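First the structure, in the form of structure tokens, and then the observations on it.
The values are calculated or read from the model by the stated rules, or taken from the named source; none is laboratory data. Since the model is a prediction, treat every value here as computed from it, not as a measurement. Note that we place each Cβ from the backbone using ideal geometry, even for glycine, and neighbour counts take in every protein chain shown.
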Amino acid sequence: MITIVTNMYPSDARPGYGVFVANIEHELRKHGAVEVLFLSHEGGKIRRYFKFYSKIIITLLKRPSGTFYLHNVSHTGLPFVLLSPLLRHRVISHVHGGELLLEHVSSKLYRGALSLIVRKALRRSSVIVSPSAFLQDRLVDHGFQRGAIWISPSGGVEDQFFNSVMLPSRSYYFACGRAEAGKGMDEVVELARKLPHVNFVIATEGTGACTLSGVAKSVENLTVHVGCSRSRLADLYAGAKALIFPTKLNESLGLVALEAMAAGTPVIGPRLGAIPEYLLPGFNGYLVGENSWRGYLKAILQFEVLDDDKWQMLSENARKTALNYRSSTVMEKLAELVFDE
């Protein structure tokens, strides 16, 4: 029995929240028994985490052995740290970047506490899974042995993005991400204002989604979709000239960009985190020199004058790149690791 432990898991209201964990769960079930302990979306934060940690502790104490597969270690690792002297379980920790880099945490005290939990939980882990070479390097910088770190790109890209029907006429630039600090959705709004003759579409969710949707009503060439299904996202990727990926964070992978590439959509993104590992300028998209609306505006103007042959080349290369991250391939290897007790 493999027990996945995660504080991020999709719901009807937030179908994209932690979808990579749900995808990993789905694929692992093809290879053996899997259960999931996840944080409820309902109720106050303290109450939710109390129930979540209680459930983890009870499961650990009832089950003296087995494999526990942790996601987002900063928020799932505490019970394992507290019970460490009593545990004989095999622990796999899948690090997604945010819990190691903690760029989103402003409070020094809170950042310090999370960092301590992460370090201790990772020391307790039999295997650490990293989604990219970039994050593997950061883990090594933090003192972890490279040989103990397995690279696997967060469940990979689902088949439905490869199977989406690419539209012959691509009429807009697309952005997809949570409406939260660091994700750069505000840059897309500014781009729409600066380029009134160009159409933009955003798919979003999260704490600022309603605000972003309200702002879009005053920008004629901008459309915002909140809480899109995965099939709807596949259609939106397939209809775009390019994906704008305006993140300000050192992304540990950037699955959104790879999903777009699977649909044959070139990507415009920043030279941050793991993104340059697969986004190659002039091959499958463009890396912006200035990570602001100005940098993206220059790249869009380049796209606007591309001839059909050049755009088609970028599209085909994007799709070829994404094939290296296809879920069916990625998960075969990950399943071998997870079920190898």
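Just so you know, in segment 48-68 the residues that are closer than 18 Å to residue 118 by Cα and hydroxyl-bearing (Ser, Thr, Tyr) include one that is nearest to the chain's Cα centre (by Cα), and it is 49. Restricted to segment 1-81, the set of strands (runs of 3 or more DSSP E) holding at least 2 residues that are in contact (Cβ under 8 Å) with a residue 60 or more places away in the chain and crowded, with 20+ Cβ neighbours inside 10 Å comprises 2-6, 67-71. Cβ-Cβ contacts under 7 Å between residues 6 or more apart (or on different chains), taken from a first residue in segment 253-275 that is in the same structural domain as residue 286 (by TED's automatic domain parsing) and farther than 14 Å from residue 242 by Cβ to a second residue that is acidic (Asp, Glu) and surrounded by fewer than 24 Cβ atoms within 10 Å (Cβ to Cβ), are absent. Answer yes if at least one residue in segment 118-125 is within 17 Å of residue 251 (Cα to Cα) and touching a Gly at 6+ places or on another chain (Cβ under 9 Å), and no otherwise. The answer is no, given that none of the residues of segment 118-125 is within 17 Å of residue 251 (Cα to Cα) and touching a Gly at 6+ places or on another chain (Cβ under 9 Å).
Restricting attention to segment 69-81, the residues that are at negative phi and under 21 Å from the mean Cα position of the chain (by Cα) total 8. Note on segment 183-261: enclosed helices (runs of 4 or more DSSP H) holding 1 or more residues that are surrounded by fewer than 17 Cβ atoms within 10 Å (Cβ to Cβ) and of a type in the set (Val, Ile, Thr) are 209-216. The listed residues are 169, 132, 93, and the only one of them that is hydroxyl-bearing (Ser, Thr, Tyr) and at pLDDT below 95 turns out to be 169. Checking the structure you have, find out if any residue of segment 285-306 is assigned to a helix (DSSP H, G or I) and in contact with a Pro (Cβ under 7 Å, 6 or more places away or on another chain). Taking every residue of segment 285-306 in turn, at least one turns out to be assigned to a helix (DSSP H, G or I) and in contact with a Pro (Cβ under 7 Å, 6 or more places away or on another chain). Filtering segment 205-225 to residues that are at pLDDT 95 or above and in contact with an Asp or Glu (Cβ under 9 Å, 6 or more places away or on another chain) leaves nothing.
Going by the conditions given, is residue 314 outside any helix (DSSP H, G or I), over 26 Å from residue 125 (Cβ atoms) and at pLDDT 95 or above? In short, no.
Among the conditions (1) closer than 21 Å to residue 294 by Cα; (2) touching a strand residue (DSSP E or B) at 6+ places or on another chain (Cβ under 7 Å); (3) touching a residue at least 40 places away in the same chain (Cβ under 8 Å), residue 189 misses just one, which is (3).
Only one of the numbered conditions (1) closer than 17 Å to residue 174 by Cβ; (2) in contact (Cβ under 8 Å) with a residue 40 or more places away in the chain is not met by residue 306, and that is (2).
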